[in-house]
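Input: a single structure, listed below in structure tokens.
The values are calculated or read from the model by the stated rules, or taken from the named source; none is laboratory data. In this text the structure is predicted, and so the values were computed from the model without any measurement. Heads up, the Cβs are rebuilt from the backbone with ideal geometry, glycines too, and the neighbour counts pull from every protein chain shown. All accessible areas refer to the heavy atoms of the entire protein, side chains included, with ligands and DNA or RNA removed. Shrake-Rupley method; radii C 1.70, N 1.55, O 1.52, S 1.80 Å.
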Amino acid sequence: MKSLKAQQHILSDTHEQIEILEHGINHDDSFKLIPFQQKMEAAGLFPLKPTQLEIFQINVGKMCNQVCKHCHVDAGPDRKEIMTRETMQQCLNILAANPSFKTVDLTGGAPELNPDFRWFVAKIKELDKHIIVRCNLTIILANKKYHDLPEFFKQHSIEVVSSLPFYSKDRTDRQRGDGVFEDSIKALQMLNAVGYGIEGSEQKLNLVYNPAGAFLPSTQDSLEKEFKLVLKKDFDISFHSLYAITNLPISRFLDYLLQSSNYEKYMEKLVTAYNPVAAANVMCRNTVSISWDGFIYDCDFNQMLDMKVDCSAQHISQYSEAVLSNRNIVVNQHCYGCTAGAGSSCGGAVA
Amino acid sequence: MANHYYNADDLGKFSGIDKFQKPLADKFFAWYGEVFAEGNLSAREKSLIALAVAHAVQCPYCIDAYSSDAFEKGWSEAQMMEAVHVASAIKGGAVLVHGVQMMNKVKEIAM
Ligand code: SF4
Ligand code: SF4
């Protein structure tokens, strides 16, 4: 499977995605949803303002060893966009100068595929920041040179957050590709072997669940219980928390929704499940998201829609905490994915 | 009046039945909610039971709702189909076991 970009798919044009979200599949407003902005106004949350800038999320590149069907990044082996050491250095300068950022969240693609990944991690650690790596698990087995990643993560006190859409092979492979489940299980066992995910251990290992289809996640707590039970029983695997994440209707997941004729029903589901409490806690209020080429976004989703922050500091070379703290967060119809039910963020439910 | 008896959109209007009789609807929905909450049976287990019963009572709304709900709660296609077979077997068995009554009656009147 190729990325939408490599296929020159119409949805690789972000304007097309936004048109569909705003005006429906045929761009003719025949399918209209309440504008997200209106919902936020009613909740007293418009314009949406940041609370405190705490999490600095960096997308170090779109290259990935997997091509998951739901990927909002449209990542894959054919994506060559990758952060350079020079851009990383600019990020480090910002982190050094802005102590309010306590956490650096590294994502991709598969962040480990960036040739400067290990260098970058070591440098961030020197600044005494908490580091999260969004590890897709299979990368650990993809090549011999990645087999020592669990040790490397441990040495740098990294929190590992990994996707495992389900505890069964069938559902996982349908979303993430053939053989992904088995490799993910092996990788989890390797992480457990160095102490990750073990009860009471400092090596935090959290899993991400996201639905393999056009439906919303059920309750995070019961999913966590179920995951823990089955993974322990069947594979002797332990982990700390499960984050239940809703798929946002953009990029490859949007493509899936359109191809399976689920788009309208899914959007209606999201809107019906709108929860103002979740809306008050959306992750863009305490996070900024940096792209491989150093642009600044409200979140990784806005990044993939190429909707930059609405202020003068749009690139890390212009970084200003004051300007970013006062900006209005850019919202649109895809944001319904963050506010449905118990809400959804990179750390799971928010309400 | 619509010219058909079932309409998928009507499922979404279910909560509106309180417009004709609110106190009873309120009681029903409160009770319903509690029935499906985590209890001695998990919400997940209850969902699968509901799916089977939905088939037994042949309610298209319930089948629609609990097919999604059970799948969302992590039951696999095969597990869901087995639940439907359980419902069918009970229904089939319920028909067949009345055969005993038929036999009793026939024995009673036959020479
Ligand atoms: S979802 Fe993650 S693992 Fe899958 S293709 Fe996208 S970046 Fe790679
Ligand atoms: S999609 Fe991004 S901007 Fe919209 S609510 Fe979610 S985190 Fe905020």
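Residues in the range B:38-68 that are over 13 Å from the mean Cα position of the chain (by Cα) and either within 27 Å of B:Asp9 (Cβ to Cβ) or away from chain A (no Cβ under 14 Å) (or both) were compared, and the one that is least open to solvent (accessible area, probe 1.4 Å) is B:Ala43. Taking the range A:272-331 as the range and being closer than 22 Å to A:Ile34 by Cβ, more than 13 Å from ligand 2 (Cβ to nearest atom) and either crowded, with 17+ Cβ neighbours inside 10 Å or not β-branched (Val, Ile, Thr) (or both) as the test, only A:Ala273 passes.
Residues that are of a type in the set (Asp, Glu) and within 16 Å of ligand 1 (Cβ to nearest atom) within the range A:35-74 comprise just one, A:Asp74. Considering the conditions (1) charged (D, E, K, R); (2) in contact (Cβ under 8 Å) with a residue 60 or more places away in the chain; (3) open to solvent by 20 Å² or more (accessible area, probe 1.4 Å); (4) away from ligand 2 (no atom under 14 Å from the Cβ), A:Arg252 is excluded by exactly one of them, (3).
To keep it simple, each residue is scored yes or no on (1) more than 30 Å from A:Met63 (Cα to Cα); (2) touching a helix residue (DSSP H, G or I) at 6+ places or on another chain (Cβ under 6 Å); (3) assigned to a loop (DSSP other than H, G, I, E, B); (4) modelled with pLDDT under 95.
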position: A:Ser218; (1), (2), (3), (4): yes, yes, yes, yes
position: A:Tyr243; (1), (2), (3), (4): no, no, no, no
position: A:Asp293; (1), (2), (3), (4): no, no, yes, no
position: A:Ile296; (1), (2), (3), (4): no, no, no, no
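When the range A:166-197 is filtered for residues that are closer than 18 Å to A:Met1 by Cβ, in contact with a helix residue (DSSP H, G or I) (Cβ under 6 Å, 6 or more places away or on another chain) and within 14 Å of chain B (Cβ to nearest Cβ), the ones remaining, listed by number, are A:Thr172, A:Asp173, A:Phe181. Going through the range A:332-342 one residue at a time, which ones are open to solvent by 10 Å² or more (accessible area, probe 1.4 Å), within 8 Å of ligand 2 (Cβ to nearest atom) and out of contact with any Ser or Thr (no Cβ under 7 Å at 6 or more places or on another chain)? Once the filter is applied, which keeps residues that are open to solvent by 10 Å² or more (accessible area, probe 1.4 Å), within 8 Å of ligand 2 (Cβ to nearest atom) and out of contact with any Ser or Thr (no Cβ under 7 Å at 6 or more places or on another chain), the range A:332-342 yields A:Asn332, A:Cys335. Going by the structure shown, is A:Val350 in a loop (DSSP other than H, G, I, E, B) and in contact with a Phe, Trp or Tyr (Cβ under 7 Å, 6 or more places away or on another chain)? So A:Val350 does not fit the description; no. Residues in the range A:228-240 include at least one that is touching a residue at least 40 places away in the same chain (Cβ under 8 Å) and within 12 Å of chain B (Cβ to nearest Cβ).
Here's the yes/no breakdown for (1) in a helix (DSSP H, G or I); (2) of a type in the set (Ser, Thr, Tyr); (3) within 14 Å of A:Val350 (Cβ to Cβ); (4) more than 16 Å from ligand 1 (Cβ to nearest atom):
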| residue | (1), (2), (3), (4) |
| --- | --- |
| A:Leu231 | yes, no, no, yes |
| A:Pro249 | no, no, no, no |
| A:Leu254 | yes, no, no, no |
| A:Glu268 | yes, no, no, yes |
| A:Cys284 | yes, no, yes, yes |
| A:Val288 | no, no, no, yes |
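Screening A:Val277, A:Val288 for residues that are closer than 26 Å to A:Val60 by Cβ and among the aliphatic types (A, V, I, L, M) leaves exactly one candidate, A:Val288. Examine the range A:242-249 for a residue that is under 16 Å from A:Arg134 (Cβ atoms), in contact with a His (Cβ under 7 Å, 6 or more places away or on another chain) and surrounded by 19 or more Cβ atoms within 10 Å (Cβ to Cβ), and state whether such a residue exists. Yes; the residues of the range A:242-249 include at least one that is under 16 Å from A:Arg134 (Cβ atoms), in contact with a His (Cβ under 7 Å, 6 or more places away or on another chain) and surrounded by 19 or more Cβ atoms within 10 Å (Cβ to Cβ). Is it the case, given these coordinates, that B:Ala8 is surrounded by fewer than 14 Cβ atoms within 10 Å (Cβ to Cβ) and within 27 Å of B:Glu77 (Cβ to Cβ)? So B:Ala8 fits the description; yes.
When the range A:137-161 is filtered for residues that are hydrophobic (A, V, I, L, M, F, W, C) and either open to solvent by 60 Å² or more (accessible area, probe 1.4 Å) or within 15 Å of ligand 1 (Cβ to nearest atom) (or both), the ones remaining, listed by number, are A:Leu137, A:Ile139, A:Ile140, A:Leu141, A:Ala142, A:Leu149, A:Val160, A:Val161.
With respect to (1) basic (Lys, Arg); (2) without any contact (Cβ under 8 Å) to a residue 60 or more places away in the chain; (3) within 12 Å of ligand 2 (Cβ to nearest atom), the lone exception for A:Lys265 is condition (3). Going by what's in this entry, would A:Gly294 be described as within 14 Å of chain B (Cβ to nearest Cβ), of a type in the set (Gly, Ala, Ser), farther than 22 Å from A:Glu19 by Cβ and touching a residue at least 12 places away in the same chain (Cβ under 8 Å)? So A:Gly294 does not fit the description; no.
Can A:Thr287 be described as under 18 Å from A:Ile55 (Cβ atoms) and modelled with pLDDT of 95 or more? Yes: the conditions hold for A:Thr287. Restrict the check to the range A:22-37 and report whether at least one residue is open to solvent by less than 20 Å² (accessible area, probe 1.4 Å) and either part of a loop (DSSP other than H, G, I, E, B) or basic (Lys, Arg) (or both). Within the range A:22-37, one or more residues are open to solvent by less than 20 Å² (accessible area, probe 1.4 Å) and either part of a loop (DSSP other than H, G, I, E, B) or basic (Lys, Arg) (or both). Taking each residue of the range A:325-351 that is over 24 Å from A:Leu207 (Cα atoms) and looking for partners that are of a type in the set (Phe, Trp, Tyr) and more than 7 Å from ligand 2 (Cβ to nearest atom) with beta-carbon atoms closer than 9 Å, six or more apart or interchain, yields A:Asn328/A:Phe46; A:Val330/A:Tyr297; A:Val331/A:Phe36; A:Val331/A:Phe46; A:Asn332/A:Phe36; A:Gln333/A:Phe36.
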